[in-house]
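> After the structure tokens below, expect a handful of questions from me.
The values are calculated or read from the model by the stated rules, or taken from the named source; none is laboratory data. Please read these numbers as outputs of a predicted model, since none were measured by experiment. Here Cβ is always computed from backbone atoms with ideal geometry, including for glycine, and neighbour counts include all displayed protein chains. Please note that ligands, DNA and RNA were not included when accessible areas were found on the heavy atoms of the full protein model with its side chains. Shrake-Rupley method; radii C 1.70, N 1.55, O 1.52, S 1.80 Å.
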Protein chains: 2
Amino acid sequence: MSDASRPIAILGGTGPAGMGVALRWARAGETIIIGSRDTLRAQETAGKIKQKAGNQASVSGMENSAACAATDLLVLTVPFEGQAPLLKQLKPAIRPGSILIDATVALAASVGGRASRTLGVWQGSSAQQAAELVPKGVSVVAAFHNLSAELLNGDNPLDCDVIVCSDDANAAQLTRALAAKIPGIRAIDGGKLENARILEQITALLVGLNIRHKGHGGIRITGLPPEAYK
Amino acid sequence: MSDASRPIAILGGTGPAGMGVALRWARAGETIIIGSRDTLRAQETAGKIKQKAGNQASVSGMENSAACAATDLLVLTVPFEGQAPLLKQLKPAIRPGSILIDATVALAASVGGRASRTLGVWQGSSAQQAAELVPKGVSVVAAFHNLSAELLNGDNPLDCDVIVCSDDANAAQLTRALAAKIPGIRAIDGGKLENARILEQITALLVGLNIRHKGHGGIRITGLPPEAYK
């Protein structure tokens, strides 16, 4: 499983979602690298997260390529329109055998539409597009689409399940363990990577519910046996 | 709102989902008409539901067209492959001003594929296909996709939210009130009918989770203010 010897690089980590998971994992004792196009901005964001997480927290900032070179556990938290360009750029930097956890959602907002609607992605989902763009031998996992960035950046436990989809069972298990380190979260095996399309759609539904009802929506799955969360 | 003077006709009501909502609404004091292609089968199913719901329950069985003629509050619980043929057949029978609550999900099982995958529906969702097929002036509401038929047919309260989507605000409100009559269910306004596509996808996700984890999955939305459930 993940430990301090295997840092987590959060690519596009200066946005609210990236900062949110970084904060929660830093508090859980993980070593975090914030990745950004701009090294200085990455370092500034790392400083902010460290301030919130406490001085014992291990959070540094690097340019995205350097972050990929520094570890083999990558989390991608960029808007959909940034996903393909960034993965193409990082292809030479991503280490063989890396795990890429993708939280991208193809919201129509990426092309000037609504954040409560999605675009059709040829491959089926953003995560499957990512799988096509990473170097051979890199495992893609889809997860963390349905968490409120605002709540992640707060101090309270979350009231949300994280459904994890991947074609690599070991990478999925590691991701579920990472998810479960965020207080309040239960992680569930959601099957193959192709199922990511549904997780991504749920984000658009939650965005719509948030606008309509002025909330910070998340989801819980009910009716599964306790073993489902292991 | 719905009351005993406005019966609820459940078209395709002899299947497990139709029987389940019929049972719950019959227990709540609603007048239920089970619709089926076959009058005798409808009456037999009505008898079974009445037996479970108690003798004071008002449940009758009719052929689908007769059920449409008898009331203007219709619930459609058929497999996707049955939706378009049935609505085309019932077009002359559906009364002007009726409300059609559609729970159809375009699972790939309809064409021999998996129940954990969906088909693309040209109109965007099964509910939008229904809206195209009903007579003018009939309001379509999408709801009740994500409830376990097995749990509905049991005696315990459900642990599930029902997200209701429609372009007719009054029809949506009536549907939310009906949903809230099922013990344990909270109803949420999910916006326009076009959002039904996401509710339908969630069913495929739940089917996959049920197979993988041997459960009867449902969903709860978290993080919304209490007003969202009114």
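> Mind listing just one residue for me: the one in segment A:182-225 that is more than 23 Å from A:Asp167 (Cα to Cα) and more than 7 Å from every other protein chain (Cβ to nearest Cβ) and, of those, nearest to the chain's Cα centre (by Cα)?
A:Ile182
> Here's something else I'd like to know. Name the single residue, out of those in segment B:27-44 being without any contact (Cβ under 8 Å) to a residue 40 or more places away in the chain and charged (D, E, K, R), that is surrounded by the most Cβ atoms within 10 Å (Cβ to Cβ). Even if it seems obvious, please write down each step before you answer.
Restricting attention to segment B:27-44, the residues satisfying the condition of being without any contact (Cβ under 8 Å) to a residue 40 or more places away in the chain are B:27, B:29, B:31-44.
Now narrow it down to the ones that are charged (D, E, K, R): B:27, B:37-38, B:41, B:44.
Details: B:Arg27: 18, B:Arg37: 15, B:Asp38: 13, B:Arg41: 15, B:Glu44: 15.
Across segment B:27-44, the extreme among qualifying residues is B:Arg27.
> Could you give every pair whose Cβ atoms fall below 8 Å, whose first residue belongs to segment A:110-124 and is in contact (Cβ under 8 Å) with a residue 40 or more places away in the chain, and whose second residue is open to solvent by 70 Å² or more (accessible area, probe 1.4 Å), counting only separations of at least 6 or pairs across chains?
Listed pairs, sorted by first residue: A:Ser116/A:Ile211; A:Val121/A:Arg197; A:Gly124/A:Arg197.
> Here are A:Gly12, A:Gly47, A:Gly18: which of them is in contact with a strand residue (DSSP E or B) (Cβ under 8 Å, 6 or more places away or on another chain) and either open to solvent by less than 10 Å² (accessible area, probe 1.4 Å) or aromatic (Phe, Trp, Tyr) (or both)?
Working: A:Gly12 fails: either open to solvent by less than 10 Å² (accessible area, probe 1.4 Å) or aromatic (Phe, Trp, Tyr) (or both); A:Gly47 fails: either open to solvent by less than 10 Å² (accessible area, probe 1.4 Å) or aromatic (Phe, Trp, Tyr) (or both).
Checking each option against the conditions leaves just A:Gly18.
> For B:Arg24, work out the one condition from (1) open to solvent by 20 Å² or more (accessible area, probe 1.4 Å); (2) over 19 Å from B:Ala66 (Cα atoms) it doesn't fulfil.
The number of the failed condition is (1).
> Something else about it: Need the failing condition index for A:Leu224 against (1) under 13 Å from B:Leu205 (Cβ atoms); (2) out of contact with any Asp or Glu (no Cβ under 7 Å at 6 or more places or on another chain); (3) not in a loop (DSSP other than H, G, I, E, B); (4) not charged (D, E, K, R), just the number.
Of (1) under 13 Å from B:Leu205 (Cβ atoms); (2) out of contact with any Asp or Glu (no Cβ under 7 Å at 6 or more places or on another chain); (3) not in a loop (DSSP other than H, G, I, E, B); (4) not charged (D, E, K, R), only one is false for A:Leu224: (3).
> Shifting gears a bit: Please go through segment B:4-31 and give me each residue that is charged (D, E, K, R) and assigned to a helix (DSSP H, G or I), ordered by number. Spell out the reasoning first.
From segment B:4-31, those charged (D, E, K, R) are B:6, B:24, B:27, B:30; that's our starting set.
Within segment B:4-31, B:Arg24, B:Arg27 meet the criteria.
> Out of the residues in segment B:94-126 that are under 19 Å from the mean Cα position of the chain (by Cα), away from chain A (no Cβ under 14 Å) and among the hydrophobic types (A, V, I, L, M, F, W, C), state the one that is most open to solvent (accessible area, probe 1.4 Å).
B:Ala109
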